[in-house]
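Enquirer: Below: one structure in structure tokens.
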Amino acid sequence: MDELIARLLSDARGRAFELHRSFVNPGFVDLLQLAGYGRTFVRASGVELFDESGASYLDFCSGYGVLNLGYNPPAVKAALREVLEADLPGFAQVDCPTLEGLAAQALCRTLPSGLDRVFFCCTGTEAVEAALKLARASTRRSRLIGCEGAYHGLTLGSLALNGNAAMRAPFEPLTPGAARIPFDDERALERELSRRDVAAFVVEPIQGEGGCVVPRAGYLRAARELCDRYGTLLVVDEVQTGLGRTGSLFSFEREAIVPDAVCLAKALSGGLVPVGAMVARGTVHARAYGTTATQGLHGTTFGGGPMAMAAVLATLKVVQEEQLAQAAADLGRHLKDRLQELARRHPIIREVRGHGLMLALEFQDASRGWLEKTPLSRLSGATAALFVQHVALQLMNEHRIVAQSAVNAPAVLKVMPPLIVRREQCDRFVDALDKVLEGAGHGSAIAKLALEALKVKAGR
Ligand code: PLP
């Protein structure tokens, strides 16, 4: 078995797209190729990706928030190697794994007191599902409220709170009793909660896939007060914002509130092992699962496995020792200042927003002028999104920088480097973006992209 993976990878060199087209998701392969993403990355370290020719790329996407520590962080790798060598009894299911207890303790120590029961799972959406079930079981209410623009994952419960109708439509009907209200709207929230039948209000402190939307100061505090007044659990989804990304360890700290449950995943295990966590108030947890009869009402086979727990412990240590939240705050300020300066020179940028190293640029629909004179006007509404894809592609092809749009807001380019990024790498990103925007006026590349999109739409 020696070198099995190395040999398999070497034998498959150049065939990754073909393998995915045949055995994984051909539509995704089409999309990547249509958009001009023909590369296979073969190695990654820190902030850099390397393609088959050895060329290096700066990553300003971070796997949508997974890679706060950068790719393959040495401390997490070392912890994983140790676990493999220790022959630990993972998944025996009839004991209390020590590493899981230690990881839960370490996680609770990073959170406000009161948040002291951890449910480990493997993904963000599972962490959200766990919070939804906790809310129903502990309140004995059924309704669940989320926000327009929100993204909490794609399993049926989380999807019911997804703020993008197109993502929900093919799977309706979703969880009964789930509804969405406008984000950052206290009145709409009170209208729903005052019916006193809402189990949970689920909210992102900054909407990630909604386009890095920052609510007004005071919104989370108001949500906390309303939830207290009407007996609803406040569930804060920190899957993307957590672990230092927005300049504090958790983004809800900006408003000094204590949620009833916090959902985490993505960066929690240093980008190497899938892990999710739902951390709840002990009092709430006790109401739902506090007896021997109810303790097993929620669970998952792989939750709390040794590899994931070791990765969590190592990740939390790195985040704290290297003060990555502070680094995100400091570098984020520099990067945002520079992006704002760019926006003053390029009016096609409508807004620069975000906190820490969770930043984004929203673009105007400025390409519409030339587009309307062409058959491409049939793609109306998609022009800003196409423009963002054009910018992302130019960044990749001309400047070797990876950046992507938000899932529920394709006119928004997210700027999310790993938190270990250096100041000069941030400057390189801004300078590259400056050049791309300078060259973008003619729209020729967008036209090409849009024409291809039309061909696909027409089934050609
Ligand atoms: N919650 C938020 C805020 C997210 O951004 C995401 C994923 O992007 C999720 C939940 C779902 O996480 P996962 O894809 O691990 O299920």
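Enquirer: Nearest 5 percent is fine: what portion of the DSSP beta bridges confined to segment 107-216 is antiparallel?
Expert: DSSP beta bridges in segment 107-216 are roughly 10 percent antiparallel.
Enquirer: To continue, here is another question. Starting from the Cα gyration tensor of segment 147-298, take the square roots of the eigenvalues, sort them a ≥ b ≥ c, and report rounded, prolate or oblate (rounded when a/c is under 1.5, otherwise prolate if a/b is larger than b/c, else oblate).
Expert: Verdict is rounded for segment 147-298.
Enquirer: Select from segment 1-56 those GluC sites (Glu not before Pro) which occupy a DSSP coil region and have at most 10 other Cβ atoms within 10 Å, ordered by residue number.
Expert: In loop regions of segment 1-56 (DSSP not H, G, I, E or B), the sparsely surrounded GluC sites (Glu not before Pro) are GLU3.
Enquirer: OK, next. In whole Å, what is the distance between the alpha-carbon centres of segment 200-241 and segment 90-115?
Expert: Distance between centres, Cα-based: 25 Å.
Enquirer: For a quick check of your reading of the filter: which trypsin sites (Lys or Arg not before Pro) in segment 5-95 sit in a DSSP loop and have no more than 16 other Cβ atoms within 10 Å?
Expert: Answer by residue number: ARG13, ARG15.
Enquirer: Below 9 angstrom from the Cβ of VAL258, what's the summed charge of the other residues (Lys, Arg +1; Asp, Glu -1)?
Expert: Working: positive: ARG224, ARG281; negative: ASP260.
Residues near VAL258 contribute +1 overall.
Enquirer: Are there trypsin sites (Lys or Arg not before Pro) in segment 120-186 that DSSP puts in a loop and that have at most 12 other Cβ atoms within 10 Å, and which ones? Don't skip to the answer; put the middle values down first.
Expert: On the way: sites: LYS133, ARG136, ARG140, ARG141, ARG143, ARG168, ARG180; in loops: ARG140, ARG141.
For trypsin sites (Lys or Arg not before Pro) across segment 120-186 that sit outside H, G, I, E and B with at most 12 neighbouring Cβ atoms in 10 Å, the list reads ARG140.
Enquirer: Evaluate the distance, in nm, between pseudo-label points positioned 7 Å from the Cα of ALA217 and of ARG423 along their respective Cα→Cβ axes.
Expert: Going by the 7 Å Cα→Cβ label model, 2.6 nm.
Enquirer: If r is the Cβ-Cβ distance from GLN320 to SER22 and R0 is 35 Å, what FRET efficiency results, to the nearest 0.05?
Expert: Result of the calculation: an efficiency of 0.20.
Enquirer: Tell me, what are the semi-axes, in whole angstrom and largest first, of the equivalent ellipsoid of segment 1-75 as set by the roots of 5 times the Cα gyration tensor eigenvalues?
Expert: Square roots of five times the eigenvalues give 22, 19, 12 Å.
Enquirer: Report the far tail of the P(r) of segment 76-122, meaning the percent of Cα-Cα pairs longer than 17 Å. Don't jump to the answer; show the numbers that get you there.
Expert: Numbers: 510 of 1081 pairs.
Percent of Cα pairs beyond 17 Å in segment 76-122: 47.
Enquirer: Right, next: Relative contact order for the chain: what is it in percent, counting Cα pairs under 8 Å that are at least 6 residues apart?
Expert: 20 percent
Enquirer: I need the semi-axes of the equivalent ellipsoid of segment 101-157: take the C-alpha gyration tensor, multiply each eigenvalue by 5, square-root it, list largest first in whole angstrom.
Expert: They are 23, 15, 11 Å, listed from largest to smallest.
Enquirer: Report for the chain the percent antiparallel among DSSP-assigned beta bridges with both residues inside it, nearest 5.
Expert: The antiparallel fraction comes to roughly 65 percent.
Enquirer: Still on this model: Over 15 Å apart: what share of the alpha carbon pairs of segment 295-349 falls there, rounded to a whole percent?
Expert: Of all Cα-Cα pairs in segment 295-349, 70 percent lie more than 15 Å apart.
Enquirer: If you look for lysine pairs in the chain that are eight or more places apart or on different chains, how many of them have Cα atoms under 25 Å apart?
Expert: Lysine pairs, 8 or more places apart or on different chains, close enough: 15.
Enquirer: What whole-number value in cubic angstrom gives the convex hull volume per residue for the C-alpha atoms of segment 86-185?
Expert: 163 Å³
Enquirer: Here is a further query. Kindly give the semi-axes, whole Å and largest first, of the ellipsoid equivalent to the chain, taking each as the square root of 5 times a Cα gyration tensor eigenvalue.
Expert: The equivalent ellipsoid of the chain has semi-axes of 36, 28, 22 Å.
Readers should treat all values here as calculations from the given coordinates under stated rules, not as data from a laboratory. No experiment lies behind these values; they were computed from the predicted model shown. Positions of Cβ are generated from backbone atoms using ideal geometry, with glycine treated the same way; all protein chains shown enter the neighbour counts.
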